[in-house]
Amino acid sequence: MSAWHVDDAVVTAYGERRLDAVQRASVEAHAARCQECRDILGTRVVGDQRSPALDLDRLWTRVESAVSTPKVGRADRALLRLGLSMSDVVVTRVVAAQSRQWTIATTLVLAVTAVTAVLGPVDSAHTAFLVVAPLLPALGVAAIYRLVPHGIDMLERAAPYSPARLLLWRTAYVVVTAVPISVAAGVAVLQHPWAAVSWLLPALGCTLCVVAAASWHDPVRPAAAVAMGWTAVVVTWQVRDTPWAIATAPTQLVAAAIAAAAALVIHHRLSNDPTRPVFGGP
Amino acid sequence: MPTTIHVSHATRRYGPTTVLDDVSFDLAPGITALLGPNGAGKTTLIGLLSTASRPDAGEITVFGHRSDGPLPERIEIRRRLGFLPQEVRFPAGMTAFGFLDYIAVLKEWDDTGARHAEVRRVLSVVGLDDRPTIKVRKLSGGQRRRLAFAQALIGDPDLLILDEPTTGLDPEQRARFRATLSERARHGTVLLATHQTEDVAAVCDRVIVLVAGRVAHDGDVAGFVATARNRVWLGDRPVADAVATWRDPGGGVRSVGGTPPPGAEAAPPTVEDAYLLLVGPPAMEGAA
């Protein structure tokens, strides 16, 4: 150890944060090995002026915090940049973990549909895609509801966090994961940009109907009813030999009207849940 | 003493089956055990008290709020409730810290720094503070149970409802659990549904026994044990009409209930003896 020790001038400069980074590090490195100087700095430099390196309790707390806290990943940072709070990011992480099986299943279904389009009869692929794509988000809401592990579902119901808000997070996750790959599959299957996105409004209508029903009941039955209804519509188009009816203005208008009606119901349900705002918050 | 929970003629049916039948009791601060064989209605009752489900008849209030009232009333109950379900399965890939962080968010801990400090506190209470980043799937059964218990402690709630919390815990962990519960009972209300009668004897002030959806006993633990006085025998052979019989570590045979044979001596009863005498052998089948 060197014979050098901190003097009054150094202590004062250190406390007033007038030392540059190198000088500060030098003082702290010496104090870490010199009990006498550590005591002087610990006594005379107080509060926030004191370096964490000199306050072992605070240092340990920081180390413990850094080690135990989950790392903020790239996806988390992207969500934070979108304006979500850290609490929202935590919920999103868990929703994603609970929904992994759903995401894999969605990708597989669409991949099979796309491969069928390439290898099989074009009409069959079109029909399969028009049945599947608009229903995926709606079915996803129901599937994710069922994928919540036993016990966690009870904890969620016994917690003050708004159940409607949790439902919306799950819905948002399903939409964000299912729609891009569905659009990509649509381009491959339908081979026309407008046709490839013509199912989006019907998908929105189906999904919002299930979400609205889920604010009262288990969403599985509403999802099954919506799936049967939509399948009947697509099959009817095929039977009447009007497979592109989905891309016509009347169909799009009806889908938009259903989506708007369901959105109004959801808004009404959420406005009766005064515990938290739907989006944002600290 | 203030009443935390008021249950008045609560009834719950699933289809034609009445699972809870006209159940009434009040709970005040302290630790109350909820005993009963499997299928007696304990978990159903806990579901009603935790606001997860609603009674078909009767009324339940917790901290003065109806458990089946409008959402804001139920939210007020949930803000003061720590709940441990009988079984908790964890999402894949989740760490111990991540799980508690999520539950803390659900409990409205929105400030990240305060939430993380609270998560570290409850991890420390259950003795898992040395492994916060470990994946839950790598924890042993007992450690997972402690982790599930830790989430119930977030926010130091006024009411703890615990469904079989000591299942899978080793003796040291159970001793630690009892110490934590005793500390909590000084300023809160604990309802402990369990099959572990030793836990009841060790920490509970009061015991409620449910049999076939009805309250079969409600009173202090000493009074419950006293119902078995002079009905437990130590002899050199089993009692033919006893409710239960087993070999005593002292070399004799312990019989609960029945007519004592000549030479048998009355033994000091336990909570388990009183429970066996109340519930009887048929209802014991399948009990843990």
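Remarks
- The condition of being polar (S, T, N, Q), surrounded by fewer than 17 Cβ atoms within 10 Å (Cβ to Cβ) and more than 13 Å from every other protein chain (Cβ to nearest Cβ) holds for only one of B:S182, B:S124, that being B:S182.
- Here A:S215 meets the list (1) without any contact (Cβ under 8 Å) to a residue 60 or more places away in the chain; (2) crowded, with 23+ Cβ neighbours inside 10 Å almost entirely, failing just condition (2).
- Tabulated pairs, the range B:253-268, first over 18 Å from B:A226 (Cβ atoms), second of a type in the set (S, T, N, Q) and modelled with pLDDT of 85 or more, C-beta under 6 angstrom, 6+ apart or interchain: B:S255/B:T245
- Across the range A:72-124, the number of residues qualifying as more than 18 Å from A:A172 (Cβ to Cβ), crowded, with 20+ Cβ neighbours inside 10 Å and among the hydroxyl-bearing types (S, T, Y) comes to 1.
- Counting only helices (runs of 4 or more DSSP H) that fall entirely inside the range A:136-224 and contain at least 1 residues that are within 14 Å of chain B (Cβ to nearest Cβ) and aromatic (F, W, Y), the qualifying elements are A:163-190.
- Checking every residue in the range A:86-98 against the condition of being out of contact with any Phe, Trp or Tyr (no Cβ under 7 Å at 6 or more places or on another chain), under 30 Å from B:E164 (Cα atoms), without any contact (Cβ under 8 Å) to a residue 12 or more places away in the chain and not in a loop (DSSP other than H, G, I, E, B) gives at least one match.
- In the range B:51-63 there is at least one residue matching the filter, namely being under 21 Å from B:Y14 (Cβ atoms), small (G, A, S) and within 8 Å of another protein chain (Cβ to nearest Cβ).
- Count of the range B:85-101 residues which are more than 7 Å from chain A (Cβ to nearest Cβ), buried (at least 18 other Cβ atoms within 10 Å of the Cβ) and within 23 Å of A:R146 (Cβ to Cβ): 1
- Scanning the range B:1-43 for residues that are β-branched (V, I, T), without any contact (Cβ under 8 Å) to a residue 40 or more places away in the chain and either closer than 16 Å to B:L160 by Cα or buried (at least 20 other Cβ atoms within 10 Å of the Cβ) (or both) yields a count of 1.
- Of the criteria (1) in the same structural domain as B:T18 (by TED's automatic domain parsing); (2) of a type outside the set (K, R); (3) in contact with a Lys or Arg (Cβ under 8 Å, 6 or more places away or on another chain), which one B:S182 fails: (3)
The values are calculated or read from the model by the stated rules, or taken from the named source; none is laboratory data. None of the values given here were measured: they were computed from a predicted structure. Neighbour counts are summed over all protein chains in view; Cβ atoms, including those assigned to glycine, are modelled from backbone coordinates with ideal geometry.
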